[in-house]
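Each remark here refers to the structure printed beneath this line.
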C-alpha cells in the first residue's frame with residue numbers, strides 16, 4: 001500500500017501570510033540602529049521547474065559585525081516570506097567572521113508540503129570562502145557557487161532552487 005503524506009506528516013507553515021511581516025529588518029533593535037554595514041539580502045525561491053513559491057517562509061540567523069552571536073545589541077535573527085514571484089528580502093548588517101569560519105548567513109526554509117525544514121548557508125562573494133569548513137563540505141566543489149550571494153552594491157542576491165538542476169545545497173540538522 002502506498003503512503004501519501006498528509007498535513008500531519010509535512011512541515012508547515014500552516015499560518016497566515018502575516019506571520020512573517022515585520023521581522024525581516026535586523027538593522028534596528030529597540031528603536032536603535034545596530035552597528036555594522038547595512039546590506040540587503042534578496043533572492044527568488046523556485047521549484048524544480050522554475051515556478052516561484054508564494055508564502056514560503058525563510059528564517060535567517062547570523063553573527064554581528066564582529067563575528068559574535070552573543071551580542072545583546074544585535075538580535076541576529078529574522079523572518080521573511082516570499083511574494084507571488086518567489087522573492088524575499090532581508091535588511092541586515094554584513095556579519096563578521098565567527099572564530100574558525102568566514103562571514104556567512106544561515107537560512108532555514110519552511111513551506112507547506114515539505115517533509116522537513118531545509119537548511120542552507122549563504123556565503124559572501126569576494127570572501128576567501130575556501131577557508132570555511134562548511135563551504136568546503138559542499139561536494140562536488142562545482143556546487144559551491146550555489147551557496148554564494150552575488151554582490152551588487154549593498155545588495156546580495158541569493159536565489160534558492162528546492163530541487164533539480166541547479167539545486168541549492170542543503171545541510172542536515
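Data table
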quantity	calculated
Test for residue 48: is it surrounded by fewer than 18 Cβ atoms within 10 Å (Cβ to Cβ) and closer than 13 Å to residue 160 by Cβ	yes
Extreme residue, farthest from residue 102 (Cα to Cα), among residues of region 129-173 that are in contact with a strand residue (DSSP E or B) (Cβ under 7 Å, 6 or more places away or on another chain) and in a helix (DSSP H, G or I)	147
Selection count where residues are within 20 Å of residue 148 (Cα to Cα) and surrounded by 21 or more Cβ atoms within 10 Å (Cβ to Cβ), scope region 61-78	5
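Residues checked against (1) surrounded by fewer than 12 Cβ atoms within 10 Å (Cβ to Cβ); (2) at pLDDT 95 or above:
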position	(1), (2)
118	no, no
130	yes, yes
138	no, yes
148	no, yes
153	yes, yes
162	no, no
166	no, no
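This table checks each residue for (1) free of Cβ contacts under 8 Å to residues at least 40 places away in the same chain; (2) under 17 Å from residue 44 (Cβ atoms); (3) under 12 Å from the mean Cα position of the chain (by Cα).
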residue: 79; (1), (2), (3): no, no, yes
residue: 85; (1), (2), (3): no, yes, no
residue: 89; (1), (2), (3): no, yes, yes
residue: 94; (1), (2), (3): no, no, no
residue: 105; (1), (2), (3): no, yes, yes
residue: 109; (1), (2), (3): no, yes, yes
residue: 112; (1), (2), (3): no, no, no
residue: 116; (1), (2), (3): no, no, no
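The values are calculated or read from the model by the stated rules, or taken from the named source; none is laboratory data. Everything quoted here is computed from the prediction, not taken from an experiment. Every residue, glycine among them, receives a Cβ derived from its backbone with ideal geometry; neighbour counts consider all protein chains shown.
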